[in-house]
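K.L.:
If you scroll down you'll find the structure; I have some questions about it.
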Amino acid sequence: MNQVLVSDAVKRRLVEREIRIQQSVEVQRFNPSIVLGNITLALIFFVIDPNLVISSGAVFVYALTAILVAQSIRSYLRLRHRERPTDVGSRRIQKINFYAGLIGLNWTIFSLLALRLADPVTSMVIVLGTSSFALASLVSMASSPIAGSLAAFPVIFANGFGMAFFGHLPVSTALLVSASLATITFFVVAANWQKTKMNVLTQVDSMLAKADRAETMERLSHRLAKYLSPQLYLSILTGEQTEEIVSKRKKLTVFFSDIVGFSEITDRLESEELSTLLNRYLTEMSLIAESHGGTIDKFIGDAIVVYFGDPESKGAKKDALACVRMAIEMQERVRKLKQEWLNLGLEETFDLRIGINTGYCTVGNFGSDQRVDYTIIGSEVNLAARLESAADIGCILLANETYALVKDWIAADEQEPMRVKGFERPIRTFQVRRTAELDTAEALTFHRREANLSLKMNHALMNDTERELSASILREALEKLDGRPAS
């Protein structure tokens, strides 16, 4: 039974739709055979005894034959290149039944008119010819029991009645022949209809099974997406990322954050409260990371690892700026969350430490043949983790490499150089002070470039010392301008 529950009414409509499609396609495919059969039968009878055709009045039936043939050719030419339709309306089926009925009526009238004046031998030719064409129509309209019946039954009954009424065969013999042909026709129609229904039911079940598998895969992919970053998830789906254990060197900006005193918080909160707070916090941070284009590497309890520059990179400078902006937004969001939690009566709330570093890392699949993890490793990753540990509560600590990329937009104060395990030289670090958003950068930045002058000043990001130094430099420049020689 399909996991996708489909009501009987819906399944019945699907079956009816597929039957209509099959009927339309089948009749269109056999249209040339129907046309050829009509023309051939009419020519045979006319060649055998043209006087009979004319004197009996059956020649007028040829006009109807010509109309039916012209209509069939027109329909075939109009639809011959059409792909299999996705649906066929009931009017299309009604037209098929109507034209099939006209074909049956046409040859019924012909048989009755011709048998009235024909000799026994010609009568047998007429009966065999029209009956054979009627039975052949059943083959070409196997999926259309109404159309097949309208094309075949009138001709068969007309032949039996004509042979008996006009004295070509004894009544009992004519009735026996007609009954036999009608029985054969009935069973052929019934068998074709049963076969059609079984085939369509099989097709519909297959369609539903495929839809079920597709929906199952979609549900599964949505579940898997929660275990992967959006960028990695999309690269796997598109085939850009494989499961092979390979890696590459790329310049990344790496972000580490954790909650200050998380171990102590866990001891003082009930597990339900802790789970609620932590899940809300991680959800909010994940949304911010995704909005800035960061790849979430992992959650390690309360810690978050994010990197920029893989699978997609906008360039080292833009990647670093996006990472720092993300960190600033996270800090602002945590401050708002803290206020929400305090208003709810929770005494324990979260404070963040964040460390950011930029450098060449090894990124790729690591693990075994059975299980791999797409992650980042290297000394630059370790340095980001060390910066996070060294950051003050509620602060963002940048390595010098990151600060050099974002200093035109982010204000930061240089800290005392750090001694970090694994690094021979002290590490220069900068603590983020505040940000000037790019959309207002023009208003906050004074920039002039002339033939012999270049001046760029981001006064909104200056501290008092920097402002005094800048003013002194500008005054010195003005003095030189005032003392310039006359031109």
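K.L.:
I'd like to verify a number: residues in the range 47-61 that are in a helix (DSSP H, G or I) and surrounded by 15 or more Cβ atoms within 10 Å (Cβ to Cβ), how many?
P.N.:
Of the residues in the range 47-61, the ones in a helix (DSSP H, G or I) are 47-48, 50-55, 59-61.
Narrowing the set further to residues that are surrounded by 15 or more Cβ atoms within 10 Å (Cβ to Cβ) leaves 48, 52-53, 59, 61.
Residues in the range 47-61 being in a helix (DSSP H, G or I) and surrounded by 15 or more Cβ atoms within 10 Å (Cβ to Cβ): 5 in total.
K.L.:
A follow-up question, please. Evaluate the following for Ser24: is it in a helix (DSSP H, G or I), open to solvent by 20 Å² or more (accessible area, probe 1.4 Å), closer than 14 Å to Ser140 by Cβ and not β-branched (Val, Ile, Thr)?
P.N.:
Taking the combined requirement at face value, the residue does not satisfy it.
K.L.:
Here is a follow-up. Please list, ordered by first then second residue, the pairs with beta carbon atoms under 8 Å, 6 or more apart or interchain, first in the range 248-265 and within 19 Å of Ala289 (Cα to Cα) and of a type outside the set (D, E, K, R), second at pLDDT below 85 and not in a strand (DSSP E or B).
P.N.:
Ile259/Ile265; Ile259/Asp302; Ile259/Phe350; Ile259/Asp351
K.L.:
Step by step: first the residues of the range 63-102, then only those that are crowded, with 16+ Cβ neighbours inside 10 Å and of a type in the set (Ser, Thr, Tyr), then the one that is nearest to Arg29 (Cα to Cα). Which residue is that?
P.N.:
Within the range 63-102, the match that is nearest to Arg29 (Cα to Cα) is Tyr76.
K.L.:
Quick check on this structure: which one of Pro85, Pro32 is in a loop (DSSP other than H, G, I, E, B), under 28 Å from Asn192 (Cα atoms) and touching a residue at least 24 places away in the same chain (Cβ under 8 Å)?
P.N.:
Pro85
K.L.:
Could you figure out which of (1) polar (S, T, N, Q); (2) modelled with pLDDT of 80 or more; (3) in a loop (DSSP other than H, G, I, E, B) isn't true of Asn38?
P.N.:
Just one mismatch for Asn38, condition (3).
K.L.:
So, one more: Consider the range 410-427. How many of its residues are in contact (Cβ under 8 Å) with a residue 24 or more places away in the chain and of a type in the set (Asp, Glu)?
P.N.:
1
Conditions (1) of a type in the set (Val, Ile, Thr); (2) more than 51 Å from the chain's Cα centre (by Cα); (3) closer than 23 Å to Val25 by Cα, marked per residue:
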position: Leu113; (1), (2), (3): no, yes, no
position: Asp119; (1), (2), (3): no, yes, no
position: Ser137; (1), (2), (3): no, no, yes
position: Val155; (1), (2), (3): yes, yes, no
position: Ala209; (1), (2), (3): no, no, no
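K.L.:
Consider Phe133 against the criteria (1) over 14 Å from Gln23 (Cβ atoms); (2) surrounded by 23 or more Cβ atoms within 10 Å (Cβ to Cβ): it satisfies all of them except one. Which criterion is unmet?
P.N.:
So Phe133 meets the others, but not (2).
K.L.:
Does the range 302-316 contain any residue that is within 19 Å of Ile396 (Cβ to Cβ), of a type outside the set (Lys, Arg) and open to solvent by 30 Å² or more (accessible area, probe 1.4 Å)? Full working, then the answer.
P.N.:
The initial filter retains those residues of the range 302-316 that are within 19 Å of Ile396 (Cβ to Cβ), namely 302-309, 316.
Of the ones still in play, those that are also of a type outside the set (Lys, Arg) are 302-309, 316.
Then drop every residue that is not open to solvent by 30 Å² or more (accessible area, probe 1.4 Å), which leaves 316.
Yes, the range 302-316 contains a residue that is within 19 Å of Ile396 (Cβ to Cβ), of a type outside the set (Lys, Arg) and open to solvent by 30 Å² or more (accessible area, probe 1.4 Å).
K.L.:
Name the residues in the range 279-297 that are open to solvent by 30 Å² or more (accessible area, probe 1.4 Å) and either at pLDDT below 80 or at negative phi (or both), would you?
P.N.:
Asn279, Arg280, Thr283, Glu284, Leu287, Glu290, Ser291, His292
K.L.:
While we're here: Cβ-Cβ below 6 Å, separation at least six or inter-chain, first residue in the range 174-199 and more than 27 Å from Phe161 (Cα to Cα), second assigned to a helix (DSSP H, G or I): which pairs?
P.N.:
Sorted first by the residue in the range 174-199, then by its partner, the pairs are Trp193/Pro145.
K.L.:
What is the one condition in (1) over 20 Å from Val260 (Cβ atoms); (2) surrounded by fewer than 20 Cβ atoms within 10 Å (Cβ to Cβ); (3) at pLDDT 90 or above that Glu272 does not satisfy?
P.N.:
(3)
K.L.:
Return yes or no: is Leu337 more than 18 Å from Ala384 (Cβ to Cβ) and open to solvent by less than 30 Å² (accessible area, probe 1.4 Å)?
P.N.:
Here the answer is yes, as Leu337 does meet what is asked.
K.L.:
Only residues that are exposed (fewer than 13 other Cβ atoms within 10 Å of the Cβ) and among the aromatic types (Phe, Trp, Tyr): list them for the range 164-195, please.
P.N.:
Phe187
K.L.:
Follow-up. So which strands (runs of 3 or more DSSP E) stay within the range 361-424 end to end and still have 2 or more residues that are open to solvent by 20 Å² or more (accessible area, probe 1.4 Å) and either among the aliphatic types (A, V, I, L, M) or at negative phi (or both)? Walk me through how you get there before you give the answer.
P.N.:
Details: elements: 372-377, 396-399, 410-414.
In the range 361-424, the matching strands (runs of 3 or more DSSP E) lie at 372-377, 410-414.
K.L.:
Under 7 Å between Cβ atoms, at least 6 apart or on separate chains: pull out the pairs that start in the range 117-146 with a residue that is at negative phi and end on any residue that is among the hydroxyl-bearing types (Ser, Thr, Tyr) and part of a loop (DSSP other than H, G, I, E, B).
P.N.:
Leu117/Ser56
K.L.:
So which pairs qualify, if the first residue must be in the range 329-357 and polar (S, T, N, Q), the second must be modelled with pLDDT of 90 or more and in a strand (DSSP E or B), the Cβ gap must be under 8 Å, and the two must be at least 6 apart or on different chains?
P.N.:
Gln331/Ile354; Gln331/Ile396; Asn357/Thr253; Asn357/Val254; Asn357/Leu398; Asn357/Ala399
K.L.:
While we're looking at this one, here's another question. Do the conditions hold for Ile44, that is, is it surrounded by 13 or more Cβ atoms within 10 Å (Cβ to Cβ) and assigned to a helix (DSSP H, G or I)?
P.N.:
No.
K.L.:
For the range 126-176, how many residues meet the condition of being touching a Lys or Arg at 6+ places or on another chain (Cβ under 9 Å), assigned to a helix (DSSP H, G or I) and at pLDDT below 85? Before you say what the answer is, go through the steps one by one.
P.N.:
Keep residues of the range 126-176 that are touching a Lys or Arg at 6+ places or on another chain (Cβ under 9 Å), which gives 140, 142-143, 162, 165-166.
The next check asks that each one be assigned to a helix (DSSP H, G or I); those that pass are 140, 162, 165.
Those left that are additionally at pLDDT below 85: 140.
Going through the range 126-176 one residue at a time, the tally reaches 1.
The values are calculated or read from the model by the stated rules, or taken from the named source; none is laboratory data. Keep in mind that what you see is a predicted model, and the values were worked out from it rather than measured. A quick note on method: Cβ atoms are made from the backbone with ideal geometry, for glycine too, and the neighbour counts reach across all protein chains shown. Only protein heavy atoms, including side chains, enter the accessible area calculation; ligands, DNA and RNA are left aside. Shrake-Rupley method; radii C 1.70, N 1.55, O 1.52, S 1.80 Å.
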